[in-house]
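Input: a single structure, listed below in structure tokens.
The values are calculated or read from the model by the stated rules, or taken from the named source; none is laboratory data. A quick note: this is a predicted structure, and the numbers were derived from the prediction, not measured. Cβ coordinates were reconstructed from backbone atoms using ideal geometry, including for glycine residues, and neighbour counts include every protein chain displayed.
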Ligand SMILES: Nc1ncnc2c1ncn2[C@@H]1O[C@H](COP(=O)(O)OP(=O)(O)OP(=O)(O)O)[C@@H](O)[C@H]1O
Ligand SMILES: [Mg+2]
């Protein structure tokens with residue numbers, strides 16, 4: 001019989017049923033009084049003993065169930081990491097998995113894990129205390145940071161310096177990824193955080209605004225089938241894309257932000273699909289699925305100040321870091337002001353906020369517009385950087401991914417969102433040489449699942465966050 | 001709403017004796033939910049500077065009346081007029097809740113609805129800032145006006161917390177406060193919007209006798225020192241008789257009596273309404 005410490009939730013549930021079974025063995029007259037007078041604390045039987053008492057067969061007992069579950073996980077992992085499937089031979093993947101040695105390695109690992117968890121109280125405790133000791137300094141970081149502004153500033157400066165200087169050491173293809181995926185998506189996540197993290201609006205079509213920003217830049221550079229009245233200096237396309245997206249955000253938001261959360265999610269989903277289909281099918285306007293080519297790089301041409309962004313991704317990376325830094329500073333100010341407070345009040349109790357003079361629709365619209373214009377900036381930079389865009393750069397999946405980045409990092413927390421988006425956006429590329437190409441997003445998904453189970457508040461959660469996205473009206 | 005609370009208090013209105021000049025006039029308001037008539041041709045006048053109580057058994061329609069006045073419910077018939085000090089009239093029916101608030105009507109809730117994750121101070125600040133004009137650009141750029149407004153709101157909020165006796169709880173989360181403190185915080189938050197009429201929905205529910213006495217004093221101060229007319233729903237009769245200038249009694253959505261507390265208490269229809277309810281205890285000290 002193992003120690004009582006490893007009694008799981010299953011055990012707890014079964015203990016609750018215990019009075020019934022003991023009452024039948026103890027032949028007292030009153031079942032109720034037995035249940036209330038007998039104290040189970042001193043010698044609480046283990047789950048195993050309980051199951052035996054009830055006459056459960058061995059495979060129905062918790063310990064053996066756990067073995068079965070772990071073995072199943074082992075087999076699943078063996079299939080996941082095994083050979084790719086093949087269209088010509090449907091069972092190829094399964095056959096190779098089940099005849100290979102990797103399967104047995106996984107099962108052995110699962111059984112070993114089970115044995116340690118069930119019987120190895122000593123090594124388990126050693127591992128646990130070791131892990132706790134290793135994590136102890138981590139737990140002290142947050143309070144230290146909270147109490148010392150100077151430490152915070154130092155950390156931010158160090159992080160910024162690393163972000164600016166480290167890419168000098170990386171090769172070009174890494175830097176391409178850092179711009180096209182990490183930098184752009186960090187910017188997008190920062191914008192979506194305003195909408196979902198602060199205003200609590202579930203926007204499932206955020207990348208639609210990214211597309212609008214990109215196409216607006218393409219339009220003003222004269223590369224779309226429809227020509228602009230005059231061509232803009234590419235650098236000016238950033239504010240123009242911002243304003244375009246702001247207007248698009250207001251146009252979409254004004255009629256729909258009156259809707260409750262779950263409806264808004266569907267509306268934004270539909271909006272994304274509409275934008276995507278327009279980009280794809282309105283060939284005479286957007287160039288259709290072939291997309292747009294030849295969007296020029298940014299250039300600044302102000303007398304003595306001249307600069308052209310070129311093929312080197314570093315230029316764009318630094319530009320993005322600059323933009324992100326500016327936005328972070330602005331947003332920080334915003335969220336600590338009356339607007340941030342009001343957003344939080346609306347998230348807490350919309351009815352009470354309205355009763356105290358808050359125009360809730362206006363504030364939601366504001367968040368929506370700010371988020372949209374942020375992704376307009378990202379769209380302008382992206383279009384300029386890659387030079388050609390097509391509808392496949394803006395599928396619905398990316399809206400979902402940005403949302404996942406924000407939730408993974410910690411909704412409503414700027415450092416969390418920056419870190420979460422950077423890590424997750426880089427993950428598929430970091431895995432490129434480690435796992436099979438086609439499996440990369442599977443690991444991303446697995447990471448998200450595990451994260452949501454064990455740390456649903458995200459990597460670096462906002463200091464004060466009680467509710468997640470409001471999908472139901474307060475009664 | 002142009003006058004802030006600071007200006008109103010600074011103007012040091014004379015201890016407003018209740019005048020006959022109405023600040024709120026409710027006439028013929030009928031509110032139906034499907035077949036259920038929640039309010040039936042309700043007439044009610046709140047005079048400027050008075051404390052007016054609305055009493056009635058459970059389900060009489062008192063909260064429905066408040067919800068109808070503040071834009072939360074839309075009555076099918078009737079008229080609600082709010083008179084400003086200058087004498088202009090605003091119809092309140094059909095307006096959005098935030099708009100009604102801007103016109104100078106603030107309320108508290110029977111089932112406390114604070115912003116629970118915010119601190120006491122922030123709760124009041126949100127209300128104090130709802131009428132200010134600085135927008136997101138001004139705030140992000142740190143324009144002087146935005147800063148001045150923030151300072152003013154902070155000042156107002158701290159003053160109001162002191163008024164309701166919560167100044168030493170300012171930094172605590174609203175949901176960590178005691179029940180009585182939460183009710184007083186709701187009052188401070190409502191006052192922060194600078195109302196001319198304050199609607200209190202059972203502010204004494206669930207509070208102890210000492211807190212009730214303090215509450216009565218607070219309501220009188222709000223009425224006298226800030227010159228705010230008060231419309232008060234309350235089940236606690238001693239509290240009602242001690243603060244209210246006049247009382248309106250609702251029963252099954254109808255006004256059955258109206259007048260000074262002493263008269264109303266003797267009114268046969270009122271006695272009937274209260275004794276007629278199966279459970280006399282239900283009108284005293286319930287908590288929700
Ligand atoms: N939103 C609603 N939908 C349907 N019926 C409602 C609604 N709001 C109120 N009612 C009904 O209107 C009647 C009056 O309710 P109201 O809450 O106004 O009573 P009350 O006088 O405030 O009672 P209490 O003293 O219990 O607070 C009740 O019968 C109630 O069920
Ligand atoms: Mg009520």
Residues that are touching a strand residue (DSSP E or B) at 6+ places or on another chain (Cβ under 8 Å) and away from chain A (no Cβ under 12 Å): does region B:149-168 have at least one?
no
What is the residue count in region B:49-58 for residues that are more than 8 Å from ligand 2 (Cβ to nearest atom) and either more than 11 Å from the chain's Cα centre (by Cα) or not in a strand (DSSP E or B) (or both)?
6
If we keep only residues of region B:227-240 that are within 14 Å of the chain's Cα centre (by Cα) and part of a loop (DSSP other than H, G, I, E, B), then the residue farthest from residue B:188 (Cα to Cα) is B:234
Report the residue count in region B:124-148 for those that are at the interface with chain A (Cβ under 9 Å from one of its Cβ atoms), within 23 Å of residue B:98 (Cα to Cα) and free of Cβ contacts under 8 Å to residues at least 40 places away in the same chain.
7
Report yes if residue A:313 is surrounded by fewer than 21 Cβ atoms within 10 Å (Cβ to Cβ), away from chain B (no Cβ under 14 Å), in contact (Cβ under 8 Å) with a residue 24 or more places away in the chain and under 20 Å from residue A:217 (Cα atoms), otherwise no.
no
Could you list, in sequence order, all residues of region B:46-63 that are within 16 Å of ligand 1 (Cβ to nearest atom) and touching a strand residue (DSSP E or B) at 6+ places or on another chain (Cβ under 7 Å)?
B:52, B:53, B:54, B:55, B:56, B:57, B:60, B:61, B:62, B:63
Please work out if residue A:338 is more than 30 Å from residue A:169 (Cβ to Cβ) and more than 10 Å from chain B (Cβ to nearest Cβ).
no
Any residue at all in region A:405-425 that's in contact with a strand residue (DSSP E or B) (Cβ under 9 Å, 6 or more places away or on another chain), more than 14 Å from chain B (Cβ to nearest Cβ), at pLDDT 90 or above and not in a helix (DSSP H, G or I)?
no
State which residue is nearest to the other protein chains (Cβ to nearest Cβ) when the search covers only region A:324-334 and only residues that are surrounded by fewer than 19 Cβ atoms within 10 Å (Cβ to Cβ) and in contact (Cβ under 8 Å) with a residue 60 or more places away in the chain.
A:332
Members of region A:186-211 found to be in a helix (DSSP H, G or I) and more than 18 Å from residue A:329 (Cα to Cα), listed by number
A:196, A:207, A:208, A:209, A:210, A:211
Every listed condition ((1) within 14 Å of chain A (Cβ to nearest Cβ); (2) not in a strand (DSSP E or B)) holds for residue B:106 save (2)
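One line per residue, one yes/no per condition, for (1) closer than 29 Å to residue A:434 by Cβ; (2) loosely packed, with under 14 Cβ neighbours inside 10 Å:
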| residue | (1), (2) |
| --- | --- |
| A:74 | yes, no |
| A:92 | yes, no |
| A:99 | yes, yes |
| A:116 | yes, no |
| A:146 | no, yes |
| A:152 | no, no |
Looking at region B:109-123, which of its residues are within 8 Å of another protein chain (Cβ to nearest Cβ), touching a residue at least 60 places away in the same chain (Cβ under 8 Å) and touching a strand residue (DSSP E or B) at 6+ places or on another chain (Cβ under 8 Å)?
B:109
Test result for residue A:383, buried (at least 23 other Cβ atoms within 10 Å of the Cβ) and at pLDDT below 95:
yes
Filtering region A:355-368 down to residues that are crowded, with 24+ Cβ neighbours inside 10 Å and at the interface with another protein chain (Cβ under 9 Å from one of its Cβ atoms), which residue is nearest to residue A:235 (Cα to Cα)?
A:358
Taking residue A:301 as the residue in question, decide whether it is over 24 Å from the mean Cα position of the chain (by Cα) and either free of Cβ contacts under 8 Å to residues at least 12 places away in the same chain or within 11 Å of another protein chain (Cβ to nearest Cβ) (or both).
no
Would you point out the residue of region B:73-100, among those that are in contact with a helix residue (DSSP H, G or I) (Cβ under 6 Å, 6 or more places away or on another chain) and within 14 Å of chain A (Cβ to nearest Cβ), that is farthest from residue B:62 (Cα to Cα)?
B:98
Any residue in region A:124-135 that is under 28 Å from residue A:283 (Cβ atoms) and at pLDDT 85 or above?
no
Taking the stated definitions as given, is residue A:78 touching a helix residue (DSSP H, G or I) at 6+ places or on another chain (Cβ under 6 Å) and modelled with pLDDT of 50 or more?
yes
Quick one: in region B:37-48, of everything that is under 18 Å from residue B:245 (Cβ atoms) and in contact (Cβ under 8 Å) with a residue 24 or more places away in the chain, which residue is farthest from ligand 2 (Cβ to nearest atom)?
B:48
Tally time: how many residues in region B:64-92 are in contact with a strand residue (DSSP E or B) (Cβ under 7 Å, 6 or more places away or on another chain) and within 14 Å of ligand 1 (Cβ to nearest atom)?
9
Considering (1) in contact with a helix residue (DSSP H, G or I) (Cβ under 9 Å, 6 or more places away or on another chain); (2) more than 14 Å from ligand 1 (Cβ to nearest atom); (3) more than 19 Å from residue B:50 (Cα to Cα); (4) more than 14 Å from every other protein chain (Cβ to nearest Cβ), say which one residue B:268 fails and leave the rest.
(1)
Residue under question is residue B:116, and the condition is that it be at pLDDT below 95, more than 16 Å from ligand 2 (Cβ to nearest atom) and touching a helix residue (DSSP H, G or I) at 6+ places or on another chain (Cβ under 8 Å); does it hold?
yes
